[in-house]
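Step one of this worksheet: look at the structure below.
The values are calculated or read from the model by the stated rules, or taken from the named source; none is laboratory data. A quick note: this is a predicted structure, and the numbers were derived from the prediction, not measured. No Cβ is skipped: glycine too gets one built from the backbone with ideal geometry, and neighbour counts run over all protein chains shown.
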């Protein structure tokens, strides 16, 4: 059986990464032979940087006077600023 676990954060209690880990543990306890793919999500607000960091994005400092920082998933590729 293949299962995809793709939660957003539970504001005030769990980050998306923590929620995904907890769900994976729960599924493994009941279905130990299942193939589980964990894909934590974020909607662009709280927790987005953490989720993108978990997906392999790297942080970089923002240009002076612009925002709080950002990151890049690929050299010269998709970027994000928060």
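Of all residues in segment 23-43, exactly one satisfies the criterion of being surrounded by fewer than 16 Cβ atoms within 10 Å (Cβ to Cβ), at pLDDT 90 or above and within 14 Å of the chain's Cα centre (by Cα), namely 37.
Inside segment 1-12, can you point out the residues that are loosely packed, with under 11 Cβ neighbours inside 10 Å and more than 12 Å from residue 47 (Cα to Cα)? Residues satisfying the conditions are 1, 2, 4. Criterion first (at pLDDT below 95, surrounded by 12 or more Cβ atoms within 10 Å (Cβ to Cβ), out of contact with any strand residue (DSSP E or B) (no Cβ under 6 Å at 6 or more places or on another chain) and outside any helix (DSSP H, G or I)) does residue 46 satisfy it? Judged against the criteria, residue 46 is a match.
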